[in-house]
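The values are calculated or read from the model by the stated rules, or taken from the named source; none is laboratory data. Just so you know, these numbers come straight off a predicted model, no measurement behind them. Heads up, the Cβs are rebuilt from the backbone with ideal geometry, glycines too, and the neighbour counts pull from every protein chain shown.
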Amino acid sequence: MRQVWAVLRREYVERVRTKGFIFSTIAIPVLMLGSIGLSAFMAVRAERSERQLALVDFTGRLGEEVADGMAAAGYDIEVVGRDVGMEELDRRVLDDEIEGFVVLDEETLLEGVFAYRSKDSPGRIRRTLLEGVVVETVLEIRLSATETTAGVRELLGGGRLTFERLGEQVSEAEEISGIATGFAGAIILYMSMFLYGAFVLRSVLDEKRNRVVEVVISAVTPGRLMLGKILGVGSMGMTQLGIWAACAALIGLLGVPMLAARLPQADLSRIVELLPGAGALVLLLVYFLLGFFLFASLFAAVGAMCNTEEEAQQANFPVVMLLLIPFMLQMFSIDGRGFAWIDWAALFPFFSPILMYPRAVSGSVEWWMVALSLVFMVLAVGATAWVAGRIYRVGILMQGKRPTLRELVRWVREA
Amino acid sequence: MSDTAVRLAGVTKTFGDHTAVSDFDLEIPRGTILGLLGPNGSGKTTTIRMMMAILLPDRGTVELLGAFPDFERRARVGYLPEERGVYEKMKVLEQLVFLGEIRGMERKIVRVRAMEWLERLDLGEWADKKVQALSKGMQQKVQFIGTVLHNPDLLILDEPFSGLDPINQEVLESIVLEERERGTTVLFSTHLMEQAERICERVCLISKSRKVLDGDLREIKRRERSGVVALEFEGDDGWLSRLGMTGVERVGYAHHLTLGPRTDGDRILAAAVAEGVSLRRFELLEPSLREIFVRHAGDAPSEPALRAAGGAR
């Protein structure tokens, strides 16, 4: 046990102390949050900061209302008189004095069709907004011309579907939370198993390549060495994930109430409802641990049978596919619904973390499916460790060319 | 406990159609220093790797400290592989502590002992530096410390002195001799005959994957005496021809006389005294290891041979 502990500690300390670890621990969440925040910020900013819009109203009835609607949405819009010619407005657009202009005419009043003239096609946000404001204004005017009761006018606010679930009671917030947690969990599982698995491969390969393993193996059995290594890298991964989780919890527990205090008008209770529960987090940990052991042994075996980084990249392919396929399937069925066969594929132990976890937390599969997947995974961890351990034992001391599949089978049989 | 530290019997190892070691027998008594000699590519490293169970022989048996080289035995061995493998990113002291720990030593104890060794080999101030910051020679010394740190019963050193400057070679030689005083069995391979001659009690000569000769160095030399006497004296050398000696050769100040059936050492000595020359030196010459090797293997291990035989391990 002391040997496993020594290997574990070495692996852990040597990794956690590197600049790479510290950097990635800080940089990955900063980059992820940053890129989401930045793209949202840029989208809004790009829409707002653009130049002025103009509006010509040939009907004489729509202009003010539409301009007010657009102004309310944050646009700088100027209503120009009918006497300013279209040529003049076109020129102002081409000379970059204004971004573009909206033309409202009789046809708009009849059918809601209107022209927007600009050098650049309007973005989605602007298009939807303009259409919404114009159609609403037209409807308003048309309805007020006829003698309509207030009840019908309310329809303008748009209809709404209210969903009533039969059977088990799940609130809408819970449901959205489940899907969001599942999706985020699938991404975290995919990335962490890939990343930390690759660390194991790297570590095995390095030791084999510089022949330290020959000295180490004179005192430690290959099984213990492999176990210590996997536990060491796993502990490092847990440390990193733990730091991230702690930061997220800190933001959740301190940040949200602070935000709520400063912005009393915003309804933040919904955000709180969307946060994943403790059960979902524990399940994530369970799938991570089982999945990590599963893939780490595979990666260790791949590392042991290769001699160079290039070789390892090729030999790695089947293992990477085992991660990539479920990830793709998950992307096809983000809300955990749709294809029933994917639910069954989620029982395949190598696919389970990425496929079954989101299904489990969004409640789209029966609980026994989840339990079964965990049982399968435990069995698979044992079987994989056994096979990989045998390949590892022979592989780490083997120099020369990479073994063929047939040789691998022989290693497993005879080791 | 058996009195034999290492026993190989009929060991053969082939790689494809290349035979690296062929029908090899060897016994190393406990407490001796044995030099495994031969040109590079002659099978030394393969033999050593089989002793450490890194390679398994195709035929024959390997015994280490009385049994198959399992983990229990190997943990009592200090092994320095031919390739100098180190954890480059690790700090020197921590690397040594790790090596001690996996052999079951207490962390605190290894730390102290490793530090003592580092001081002794002039590496004290490097203890907290990363291994990759050290020169190749220094790394080799660190690795060497790793092999003796846990007071092994048997040291197996593959070319331990290669690549070191003469001063450090001497330091390591003295440590090897010291370990031997402690009762450790030492096996080391080298292609430097002169060095082996200096420190070995026993030698085993290998050439082209076969054992040529092995045994106690002094005994071998006695057996291999060429029957030449080196004679140095002042005065006229005319008396030598009167003795009826056939092979007389001048080497520097000395005369090398090849003894015959009618001219043994005593007769020469008596003649010299009778002649009244003042003797400076009278020595029955023993052949050097190199000469013995050439005599048995047909060609001397030399650097070019090393390169030609190259990669085969």
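Output the residue which, of all residues in the stretch B:95-121 that are surrounded by 20 or more Cβ atoms within 10 Å (Cβ to Cβ) and within 8 Å of another protein chain (Cβ to nearest Cβ), is nearest to A:Arg10 (Cα to Cα).
The selected residue is B:Phe98.
For the stretch B:205-216, state whether one or more residues are under 30 Å from B:Leu269 (Cα atoms) and in contact with an Asp or Glu (Cβ under 6 Å, 6 or more places away or on another chain).
No; the residues of the stretch B:205-216 include none that is under 30 Å from B:Leu269 (Cα atoms) and in contact with an Asp or Glu (Cβ under 6 Å, 6 or more places away or on another chain).
Just one of (1) in contact (Cβ under 8 Å) with a residue 40 or more places away in the chain; (2) aliphatic (A, V, I, L, M); (3) over 30 Å from B:His256 (Cβ atoms) trips up B:Leu205, so point out which.
(3)
Does A:Ser24 qualify as being out of contact with any strand residue (DSSP E or B) (no Cβ under 6 Å at 6 or more places or on another chain), farther than 30 Å from A:Pro222 by Cβ and among the hydroxyl-bearing types (Ser, Thr, Tyr)?
Taking the combined requirement at face value, the residue does not satisfy it.
Consider B:Ala9 carefully, then state whether it is buried (at least 16 other Cβ atoms within 10 Å of the Cβ), more than 10 Å from chain A (Cβ to nearest Cβ) and more than 18 Å from the chain's Cα centre (by Cα).
no
Report yes if some residue within the stretch B:25-37 is touching a Lys or Arg at 6+ places or on another chain (Cβ under 6 Å) and among the acidic types (Asp, Glu); otherwise report no.
yes
For the stretch B:244-265, does any single residue satisfy the condition of being part of a strand (DSSP E or B), within 16 Å of the chain's Cα centre (by Cα), surrounded by fewer than 17 Cβ atoms within 10 Å (Cβ to Cβ) and touching a residue at least 12 places away in the same chain (Cβ under 8 Å)?
No, the stretch B:244-265 contains no residue that is part of a strand (DSSP E or B), within 16 Å of the chain's Cα centre (by Cα), surrounded by fewer than 17 Cβ atoms within 10 Å (Cβ to Cβ) and touching a residue at least 12 places away in the same chain (Cβ under 8 Å).
The conditions are (1) surrounded by 13 or more Cβ atoms within 10 Å (Cβ to Cβ); (2) touching a residue at least 40 places away in the same chain (Cβ under 8 Å); (3) over 23 Å from the mean Cα position of the chain (by Cα), and B:Gly124 fails exactly one of them. Which is it?
(2) is the only condition that B:Gly124 fails.
When you scan the stretch B:171-192, do you find a residue that is closer than 30 Å to B:Asp3 by Cα, of a type in the set (Asp, Glu) and in contact (Cβ under 8 Å) with a residue 60 or more places away in the chain, even just one?
The answer is no, given that none of the residues of the stretch B:171-192 is closer than 30 Å to B:Asp3 by Cα, of a type in the set (Asp, Glu) and in contact (Cβ under 8 Å) with a residue 60 or more places away in the chain.
Those residues that are charged (D, E, K, R) and assigned to a strand (DSSP E or B), I need them from the stretch B:1-51; list them, please.
Scanning the stretch B:1-51 gives B:Arg7, B:Lys13, B:Asp23, B:Asp25, B:Glu27.
Name every residue in the stretch B:53-75 that is in contact with a Pro (Cβ under 9 Å, 6 or more places away or on another chain), crowded, with 20+ Cβ neighbours inside 10 Å and more than 9 Å from every other protein chain (Cβ to nearest Cβ), in order of residue number.
B:Val62
Among the residues of the stretch A:37-53, is any at negative phi and in contact with a strand residue (DSSP E or B) (Cβ under 7 Å, 6 or more places away or on another chain)?
Yes, that holds for at least one residue.
Go through the stretch A:95-117 and count every residue that is more than 28 Å from A:Leu143 (Cβ to Cβ) and surrounded by 11 or more Cβ atoms within 10 Å (Cβ to Cβ).
Within the stretch A:95-117, residues that are more than 28 Å from A:Leu143 (Cβ to Cβ) and surrounded by 11 or more Cβ atoms within 10 Å (Cβ to Cβ) number 5.
Which one is farthest from the other protein chains (Cβ to nearest Cβ), of the residues in the stretch A:183-233 that are surrounded by fewer than 20 Cβ atoms within 10 Å (Cβ to Cβ) and among the charged types (D, E, K, R)?
A:Arg202
So B:Ala230 passes all but one of these: (1) within 19 Å of B:Ile48 (Cβ to Cβ); (2) assigned to a strand (DSSP E or B). Which condition number does it fail?
(1)
Can B:Val86 be described as facing chain A (nearest Cβ under 8 Å) and modelled with pLDDT under 90?
yes
Return a yes/no flag: does the stretch A:25-45 have any residue that is touching a residue at least 40 places away in the same chain (Cβ under 8 Å) and surrounded by 16 or more Cβ atoms within 10 Å (Cβ to Cβ).
Checked against the condition, which is being touching a residue at least 40 places away in the same chain (Cβ under 8 Å) and surrounded by 16 or more Cβ atoms within 10 Å (Cβ to Cβ), the stretch A:25-45 yields at least one hit.
When you scan the stretch A:303-318, do you find a residue that is within 30 Å of A:Phe183 (Cβ to Cβ) and either of a type in the set (A, V, I, L, M, F, W, C) or buried (at least 18 other Cβ atoms within 10 Å of the Cβ) (or both), even just one?
Yes, the stretch A:303-318 contains a residue that is within 30 Å of A:Phe183 (Cβ to Cβ) and either of a type in the set (A, V, I, L, M, F, W, C) or buried (at least 18 other Cβ atoms within 10 Å of the Cβ) (or both).
Of the conditions (1) aliphatic (A, V, I, L, M); (2) within 14 Å of another protein chain (Cβ to nearest Cβ); (3) in a helix (DSSP H, G or I), A:Leu397 clears all except one; give me its number.
(3)
For the stretch B:127-141, how many residues are part of a helix (DSSP H, G or I) and either within 14 Å of chain A (Cβ to nearest Cβ) or crowded, with 20+ Cβ neighbours inside 10 Å (or both)?
6
Looking only at the stretch B:76-94, which residues are more than 20 Å from the chain's Cα centre (by Cα) and either surrounded by fewer than 23 Cβ atoms within 10 Å (Cβ to Cβ) or assigned to a loop (DSSP other than H, G, I, E, B) (or both)?
Scanning the stretch B:76-94 gives B:Arg76, B:Gly85, B:Val86, B:Tyr87, B:Glu88, B:Lys89, B:Met90, B:Lys91, B:Leu93, B:Glu94.
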